[in-house]
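One structure is given here, and the rest of the page talks about it.
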Amino acid sequence: MRLFKMLVVLCLCFASCQTKKERPSETQKVAAKLKLPKQPNILWLVTEDMGAYIPPFGDSTVATPNLSKLANEGVIYPNLYSTSGVCAPSRAAIATGMYPSSIGANHMRTNSYTEVTGLPKYEAVPPPEVRMISEWLRQAGYYCTNNYKTDYQFKAPVTAWDESSPYAHWRNRAGNQPFFAVFNFTETHESGLFEPYGFREIETRYYKPGDRDYKWKNYGSSHAKNRMDEADTPVHLPKDTKFTIPPYLVDNEVTQRDMWKLYNNVGEMDKQVGVILKQLEDDGLLENTIICFYGDHGGPLPREKRLIYDSGLNTPMIIRFPNKQKAGTKDDQLISFVDFAPTLLSITGEAPKPYMQGQAFLGGYEAEERQYIHAAADRFDGFTDAIRAVRDSRFKYIRNYRPEQGYYLPVAYREKIPSMKELLRLKAEGKLNDIQMQWFRDFKPKEELFDCAVDPYELNNLAEKPEYQDKLNELSAEMDRWLREIGDEPNLDEAKLVEKLWSGKDTKPATKQPVITAKDGLVQVTCETEGASIGYKIIGQDGNTPQSWEVYQGPVQLPEGFKLMVQAHRIGFAPSEVVEFN
């Protein structure tokens, strides 16, 4: 009888496993049936400071015809999270596939506010084997362009891109080479709420290869200057629109106007996205390209950007696959910015690199769905905090390493936002309610736990409620595991961090000069600095210098009378000088 019962149990377990295999989740079905070209073109459309303010994610305040069409023909991902509530650390994660706090990229920014910190300018220093994802794609034969943000917390090696400039475009590639092209849209940036309001001058005329007068943006101008007159600014929704204001902000005319600006900026960004999509379609490349739209972190409003509540971390993502595969579907899996780099390799047929701390969510090397995402907040401009967060599909756990100081940091840049000024004014007059005052508490709890399903604004801390202790312990243990795994020391003094990155020396490490040797017309280049990328250019007898640096992967044939230019650069180190060889 015991044997019979054991057999029954085993059969039930087997049947359960078979049921799971026969009834995959919607996410698994989306991935399982995708048919992708061997080396698909990849187009990234990246906007800034972007919450879920668009119709495909349930907010129909302003029409976004281009993004709505993209969503109708693609898959929406509502659970994408940045690794920080601000751009530069998050961009470091995207570029490397590593958590910013594991490589010294967690402070915003590493090379600024030195007059406040008393520290030298420094860069994140990842392990020697780390390359920017664009360099890995270049090595696989991709033409890689970036138009035009480069805020990675380190200087990009010359090997990172074929072109990174306001003129960068897939149309500059040779023949039918597969491409990875990034276009950054700045209309939705926090500074778009400043007064006087108006867009930077924007030129959307049709791009032609080699046209160096073309400007996708008014490149080089600051966010607050060179704006058009508001009277000349395109209006994408009526100015008398009444908005729902988050409870942590004050619902008055000032905040209502900031909300109008926010949505008007979204409408203008959508128009700019449409220009790029039209160019792709006109080139006949639409059905051989994976198109990905996402924001660089959450929203621009006070108590959103820079914080690690969902309002600062969560940003919408839309992916359109060739031939509208899985059109109009939703994928609810948790995705982190550290997953982008391994996923790019996976969809181009390569295994993610062992050093990458993220995991592929698409392609031939797709991993099991995430259980958790992780995030960090440290120094923002001249003010330092130390906060870490972990979130599962429903609950958010936050650990405050400096509970003795309040949440609010007086960041001067943020205080240019009118609704931020209004919060500070009403706080001084004692007119904020309890919810609005939460951000201005003198102290923080050491631990916070939020049920994001019923408390999306993360206002009701459950950390001390007995019925939530199991969840608190689970997420706390997961945070401990994550911190150990990536080597994060949340309260490490920034001066000690720099000392650690520079191996105890007083100056930034430098990449050693490349060594060039030649035999029988083949030129070999080496560099003694472990992990250095090597870029080269071949200059012809006519003296013309190519625009792009090639990625050195092996001996180069150099015809007689030609010249070689070489530079070596390890990420986080100073680059070598450019060496020439005849």
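The values are calculated or read from the model by the stated rules, or taken from the named source; none is laboratory data. Quick caveat: nothing in here was measured; it's all calculated off a predicted structure. Heads up, the Cβs are rebuilt from the backbone with ideal geometry, glycines too, and the neighbour counts pull from every protein chain shown.
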Name the residue, out of Glu478, Glu458, Glu448, that is outside the structural domain of Leu564 (by TED's automatic domain parsing), part of a strand (DSSP E or B), farther than 30 Å from Gly554 by Cβ and in contact (Cβ under 8 Å) with a residue 24 or more places away in the chain.
Glu448
Select from segment 89-129 the residues that are among the acidic types (Asp, Glu) and touching a residue at least 40 places away in the same chain (Cβ under 8 Å) and write down the one among them that is surrounded by the most Cβ atoms within 10 Å (Cβ to Cβ).
Glu123
Per-region count, segment 130-139, residues within 16 Å of the chain's Cα centre (by Cα) and either surrounded by fewer than 20 Cβ atoms within 10 Å (Cβ to Cβ) or of a type in the set (Ser, Thr, Tyr) (or both)
1
Find all pairs meeting these conditions: Cβ atoms under 6 angstrom apart; at least six residues apart or on different chains; first residue within segment 169-182 and farther than 20 Å from Leu36 by Cβ; second residue surrounded by fewer than 16 Cβ atoms within 10 Å (Cβ to Cβ).
Arg171/Pro209; Asn172/Pro209
Only residues that are surrounded by 24 or more Cβ atoms within 10 Å (Cβ to Cβ) and charged (D, E, K, R): list them for segment 312-330, please.
Arg320
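Condition first: at pLDDT 95 or above and over 23 Å from Tyr167 (Cα atoms). Now tell me which residues in segment 533-556 satisfy that. Before you say what the answer is, go through the steps one by one.
At the first step, the residues of segment 533-556 found to be at pLDDT 95 or above are 533-539, 548-556.
Passing the criteria: Ser533, Ile534, Tyr552, Gln553, Gly554, Pro555, Val556.
Can you give me the ranges of the helices (runs of 4 or more DSSP H) entirely in segment 93-171 with at least 3 residues that are in the same structural domain as Gln39 (by TED's automatic domain parsing) and more than 26 Å from Tyr552 (Cβ to Cβ)? Spell out how you get there, then give the answer.
On the way: elements: 100-103, 114-117, 133-139.
Passing ranges, in order: 100-103, 114-117.
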What is the residue count in segment 468-514 for residues that are among the aliphatic types (A, V, I, L, M) and over 22 Å from Pro100 (Cβ atoms)?
3
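Please go through segment 140-159 and give me each residue that is over 15 Å from the mean Cα position of the chain (by Cα) and within 20 Å of Pro575 (Cα to Cα), ordered by number.
We begin by selecting, within segment 140-159, every residue over 15 Å from the mean Cα position of the chain (by Cα); these are 140-145, 155-159.
Matches in segment 140-159: Lys155, Ala156, Pro157, Val158, Thr159.
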Confirm whether Ala156 is under 26 Å from Lys38 (Cα atoms) and either in contact with a helix residue (DSSP H, G or I) (Cβ under 8 Å, 6 or more places away or on another chain) or of a type outside the set (Ser, Thr, Tyr) (or both).
no
Out of curiosity, is Lys353 under 27 Å from Arg131 (Cβ atoms) and of a type in the set (Lys, Arg)?
yes
Is there any pair with a first residue in segment 363-390 that is in contact (Cβ under 8 Å) with a residue 12 or more places away in the chain and among the small types (Gly, Ala, Ser) and a second that is surrounded by fewer than 19 Cβ atoms within 10 Å (Cβ to Cβ) and not in a loop (DSSP other than H, G, I, E, B) whose Cβ atoms are under 9 Å apart and which are 6 or more apart or on different chains, and what are they?
Gly382/Glu115; Gly382/Val116; Gly382/Thr117
I'm told Asn184 meets every condition in (1) in a loop (DSSP other than H, G, I, E, B); (2) in contact with a strand residue (DSSP E or B) (Cβ under 7 Å, 6 or more places away or on another chain) except one. Can you identify the failing condition by its number?
(1)
Across segment 35-69, what is the number of residues that are touching a residue at least 60 places away in the same chain (Cβ under 8 Å) and among the small types (Gly, Ala, Ser)?
3
Which members of segment 407-442 meet the condition of being touching a strand residue (DSSP E or B) at 6+ places or on another chain (Cβ under 9 Å) and assigned to a helix (DSSP H, G or I)?
Arg414
Every pair of residues 6+ apart whose Cβ atoms lie under 6 Å, when the first sits in segment 546-565 and is closer than 11 Å to Phe581 by Cα while the second is surrounded by 15 or more Cβ atoms within 10 Å (Cβ to Cβ) and among the basic types (Lys, Arg):
Met565/Lys537
Somewhere in segment 297-310, is a residue more than 14 Å from the chain's Cα centre (by Cα), hydroxyl-bearing (Ser, Thr, Tyr) and surrounded by fewer than 22 Cβ atoms within 10 Å (Cβ to Cβ)?
no
Only residues in segment 244-273 that are at pLDDT 95 or above count as the first member; pair them with residues that are basic (Lys, Arg) and assigned to a helix (DSSP H, G or I), Cβ under 8 angstrom, at least 6 apart or cross-chain, and list the lot.
Val254/Lys421
